[in-house]
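The structure is given below, and queries will be raised subsequently.
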Amino acid sequence: MINRRELLRHIGLGAIATSMPGVCFAKADTDARFVLVVLRGAADGLAIAAPYGEGRYKSLRGELAISSPGTVNGVLKLDGLFGLHPSLASTYELFKKNEALLIHAVSSPYRERSHFDGQDVLENGVTSAGGKRDGWLNRALAPLGGSLGDEAAIAMSQNTPLVLRGDNSVTSWAPSQLPDADDDTLRRIEMLYAEDEFFSTRLAQALESQKIAGAMGNMESSRRRGNDAAQAKSLMLSAAKFLTAPDGPQIAVLESGGWDTHANQGSASGSLANRLEGLDQGLEALRKQLGSAWSNTVVAVVTEFGRTVKVNGTRGTDHGTATVAILLGGAVNGGRIVADWPGLASNNLYEGRDLYPTTDIRSIFKGILWEHLQIPPEYLESQVFPASLSAPMTEGLIRS
Amino acid sequence: MAAKGALPLKIESVIAANRFGLGARPGELSRIDGNPRGWLLDQLQGPSRLPEDVRALPDTASVLVEVQKVREMRREAKQAETDKPSPDVVQKFGSVVRRHYLAQTNARFRAATETDYPFHERLVHFWSNHFAVSADKQPVSALAGLFENEVIRPNLGGKFYDLLLAVEKHPAMIVYLDNQRSIGPNSTLGQRANKRRSDQQFGLNENLAREILELHTLGVNGGYTQQDVTTFAKVITGWSIGGSTSRGRFSDGVPGTFQFRSNIHEPGKHKILDKTYKGSGLKQGEAVLRDLATHESTAAHLATKLVRHFVADDPPAELVSEIAQVFLESGGDLPIVHQALVESSEPWQSTFRKYKSPQDFVISTFRAFDRVPDDGRFIVGALDMMGQTPYKPGSPAGWPDTAEHWGGADALYKRIEWSNTVARYAGTRVNPLELGNAVLGPALGDHTRTAISRAESVMQGTTLLLASPEFQRR
């Protein structure tokens, strides 16, 4: 049932949607920074923020259940219902300082269980895989300005993930081990590419990133093999350096894998716990490196869908639906959990097996893009997340 | 089909060598020139012998047994000590696995560089990628190359069903997608366990069933439901591996080989995609696979991927339907399908429609110089840096196949850096202009030709050749 406030919003938007595109935008806040961390593989929201307070939690989750707050290896108490996974110690400290916020029972509009399609929908901002070939965050860049060589956003990987692909120029960077080609050679390659847009654009972006990276002498340029957590942390540090560089980007996207815990997932300890610890430490490194910029930063940690409530036959979980999202940053209005919690009673589960989604993640993205990056709501509704009236903006995620 | 002779014959040779093949080796273009399509069709059955380095590799069973032994040692050491296992036990496992991974990577890239059947080799890579297992999960990193050699290489000369069956029975696939201990709730073992619990789906793991439907056959929109996934998972319970764990009940059978375990197989008949399959143990799963192998969604799915790989990122719909039709009419005969691709007109219509994947780029470079590094770590390092670590696509969907995915700015920069390194190794041994003519022929554009000829050094010229748009595409 739609409430009065939602109804007013819909009417208001209906009027605005007919306004002309290409209208001049008010100057966006270029001091605000946004980091999107995509956990690929469907991270288990019920392990990250466990509803320990639900009577049936322990029996439903079986060997995956984590013990209550205050016990050995117990969850870290968020409130009377939820507890944070014990591996997320730094995140918990932020929660206590009101700089971390959790959204639960959230998902994209996607309802199947394919990783690839799920990630597609998480990143394309519409309701079906292949529904758009570009990403919502790329579409959101238009009002932020930025141009070739001065991009507003950077992908911290060799190749640009879908969420940042599209008409607006973005750049990318990943660590390297090889000696640089000399300037003269690079100049000749620039000329070689002059007539081929695909190559010339990319080279220009790469050279700009290299310039920024080079200006920060002690940039981590070596990749330590076989140590995922160290690599992830190193990448977070590099992201922070880019974000605080003069003329650097204000948005960064990082990706992380290994969340598809079909077997031997573990509970307070084990494979998922280790991954969460790595993520937690990476985020902490990012926060420290951002320094004073942290106060005007939002980090969003998201994943394409969640996992089954019950353990499967190989001590893990299979693909599910709703999950958790985490926002961190000095700009976040945190210290709470945003959730229209459906509970774990069997008749409240999605298809009898998954946590039921009650919030559309696009609502969260809209809230961040408007309140933090000042991207106008009418632009969000018409261009960034078209046809998304069923996902009204979640307000109040950002400190005013 | 476009009229024969619409393109100068030599351009067609370049297309045959670079788009269908793995990049021309010096002299290859003139060898092909007489009959580029014929050259391709002659390769469809592959070489009569496996490449030497591939033949020299141990088999899956022996590697799996070795890896499991070392794992056991590590487990025992862990239990024996009060804190962490001694470092050399951990290291032993890592080094055993790494040794196999490097040997297999070496063999693969040597085969790709030296083969006179590059079209067949490309098809091996394509189908291996279609049925991807990823080395980032243990013990798959010691098995991914063996899987490719044991089930993909020998099965491209017949029907898709035979390839599919071989794939789904290989221990690497079973262990990668967690099927070896997937237990049917009403199986002998399942019932015993259920007496102690009331969970409905105790023991079942859906991973392999889902990926067979979603990735290997029908495709994500192929018309199956969640119920089909769960039911199919039940049908393939029991598709397991001999001697797979140290626990008593799973230690029978020949270690490291396919083992059908009837005591964990879900009995009874099951309905998948509106067809009922009677309870016939192992044959039940085989029957389902046979129907999936010849389903029209499978035909469309496979045709789309093939056309995307050989023609364009955005596969032309008409050609996709044509190839799908050939697939269905031939009962999934792979040589006939591959032949249809060669004989269609679209792949021959323009020279450079596909941006090379990092692997394509690296292999074509090795072939151009007719040299492959002795140390596999150099190959792994280069590809790792460009975002395509050998055998590690990171998911059963395999590596993507479009410029969108490979075309990041930083990735291009890495290719330039690597070209620079290769040029330094090559030194003055090769003249880049001559090399450009030898491997790209008439496809080498004037702009690039001029840039190379004006290079300040041979090495810089080589860097420019490898970084050129003509060499970066196929």
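Average partner chain C-beta neighbours within 10 Å, per residue of A:193-203?
Mean partner-chain Cβ count within 10 Å for A:193-203: 5.
Name the lysines eligible as straight-distance cross-link partners of A:Lys288: C-alpha to C-alpha under 19 Å, and not fewer than 8 places from it in the same chain.
A:Lys96, A:Lys97, A:Lys233, A:Lys241
If you don't mind, another one. For chain B, give the percent of accessible area contributed by carbon and sulfur heavy atoms, probe 1.4 Å, rounded to a whole number.
Using a 1.4 Å probe with all protein chains present, chain B comes out at 49 percent carbon and sulfur.
Under 19 Å between alpha carbons, and skipping anything fewer than 8 positions from B:Lys78 in its own chain: which aspartates and glutamates qualify?
B:Glu66, B:Asp88
Here's a follow-up. DSSP beta bridges in chain A, what fraction antiparallel, as a percent rounded to 5?
45 percent
Just subtract the alpha-carbon distance of A:Ser128 and A:Glu351 from 0.36 nm times their residue separation and send over the number in nm, one decimal.
78.3 nm
Cα centroids of the range B:223-244 and the range A:229-244: how far apart, whole angstrom?
Cα centroid of the range B:223-244 versus Cα centroid of the range A:229-244: 41 Å apart.
Tell me, what is the FRET efficiency for B:Arg99 and A:Ser400 to the nearest 0.05, using R0 = 41 angstrom and their Cβ-Cβ distance as r?
0.10
Going from most exposed to least, what order do B:Lys137, A:Lys211, A:Lys233 have by accessible area with a 1.4 Å probe?
Result of the area sort, largest leading: A:Lys211, A:Lys233, B:Lys137.
Further question: Going highest first, how would you order A:130-143, A:155-168 by mean Cβ packing within 10 Å?
Highest to lowest by the protection proxy: A:155-168, A:130-143.
Under 18 Å between alpha carbons, and skipping anything fewer than 8 positions from B:Lys271 in its own chain: which lysines qualify?
B:Lys234, B:Lys283
Taking the Cα centre as origin and putting +1 on Lys and Arg beta-carbons and -1 on Asp and Glu beta-carbons, what dipole magnitude results for chain A, to the nearest 20 debye?
Result for chain A is approximately 1240 debye, rounded to the nearest 20.
How do the peptides B:55-62, B:263-270 rank, highest first, by the average count of neighbouring beta carbon atoms within 10 Å per residue?
In decreasing order of mean packing, B:55-62, B:263-270 become B:263-270, B:55-62.
Evaluate the relative contact order of chain B (contact order divided by residue number), counting alpha-carbon pairs under 8 angstrom at least 6 apart; express in whole percent.
Contact order relative to length: 20 percent.
Next question. Can you work out the accessible area per residue across the range B:38-174, with the rest of the protein chains kept in place, probe 1.4 Å, in square angstrom?
Counting only protein heavy atoms, the per-residue value for the range B:38-174 is 41 Å².
Mind ranking B:Ser345, A:Ser382 by accessible surface for me, highest first, 1.4 Å probe?
Highest to lowest solvent-accessible surface, that is A:Ser382, B:Ser345.
A further question on this structure: Under 8 Å for C-alpha pairs, at least 6 residues apart: give me the relative contact order for the range A:344-400, rounded to a whole percent.
The normalised contact order for the range A:344-400 reaches 36 percent.
Per DSSP H run of n ≥ 4, the term is -39500 (n - 2.57); total these for chain B, divide by its residue number, and report the mean residue ellipticity at 222 nm rounded to 500 deg cm²/dmol.
My calculation for chain B gives -15500 deg cm²/dmol from helical runs alone.
Averaged over its residues, how many other protein chain Cβ atoms are within 10 Å of peptide B:218-231's Cβ atoms?
Mean inter-chain Cβ contacts per residue within 10 Å come to 2.
222 nm [θ] for chain A, helices only, -39500 (n - 2.57) per DSSP H run of 4+, per residue, to 500?
-9000 deg cm²/dmol
Which of A:Lys58/B:Lys278; B:Lys354/B:Lys414; A:Lys132/B:Lys275; A:Lys132/B:Lys137 have a Cα-Cα distance over 30 Å?
Long pairs (Cα-Cα over 30 Å): A:Lys58/B:Lys278; A:Lys132/B:Lys275; A:Lys132/B:Lys137.
Could you tell me the calculated FRET efficiency between B:Thr188 and A:Ser269, based on Cβ-Cβ distance and R0 = 35 angstrom, to the nearest 0.05?
Once rounded, the FRET efficiency stands at 0.60.
Could you give the length gained on full extension between A:Asp182 and A:Arg336, defined as 0.36 nm per residue of separation minus the Cα-Cα distance, in nm?
50.2 nm
Sticking with this one: With a point put 7 Å past each Cα toward its Cβ, work out how far A:Leu389 is from A:Asn73 in nm, to one decimal.
Each label point lies 7 Å from its Cα, and together they span 5.1 nm.
Given the protein chains as shown and a 1.4 Å probe, how many square angstrom of B:Leu41 are accessible, to the nearest 10?
The accessible area comes out at roughly 50 Å².
Continuing with the same structure: At a 1.4 Å probe, which residues in the range A:253-273 are at least 40 Å² less accessible with all protein chains present than in their chain isolated?
Residues shielded by partner chains are A:His262.
Ok, one more. Rounded to the nearest 5, what % of the DSSP beta bridges within the protein assembly as shown are antiparallel ones?
50 percent
Counting only other chains, and only Cβ atoms inside 10 Å, what mean value do you get across the residues of A:109-117?
What the average comes to for A:109-117 is 4.
To the nearest 100 Å², how much accessible surface do chains B and A cover up together, summed over both, with a 1.4 Å probe?
4700 Å²
Next question, about the same structure. Give, in nm to one decimal, the length gained when the segment between B:Arg55 and B:Glu76 is fully stretched (0.36 nm per residue of separation minus the Cα-Cα distance).
Contour length minus the Cα-Cα distance gives 4.1 nm.
For a quick protection proxy, order the peptides A:75-85, A:56-66, B:166-176 by their average other-Cβ count within 10 Å, most packed first.
Output ranking for A:75-85, A:56-66, B:166-176: B:166-176, A:75-85, A:56-66.
Can you tell me the equivalent ellipsoid semi-axes for chain B? Use √(5λ) from the Cα gyration tensor, largest first, whole Å.
One finds semi-axes of 43, 29, 17 Å for chain B.
The values are calculated or read from the model by the stated rules, or taken from the named source; none is laboratory data. Everything numeric here is computed off the predicted structure, so don't read it as measured data. Please note: Cβ atoms are built from the backbone with ideal geometry, for glycine as well, and neighbour counts cover all protein chains shown. Quick note on the areas: whole protein, heavy atoms, side chains included, nothing else; ligands and nucleic acids left out. Shrake-Rupley method; radii C 1.70, N 1.55, O 1.52, S 1.80 Å.
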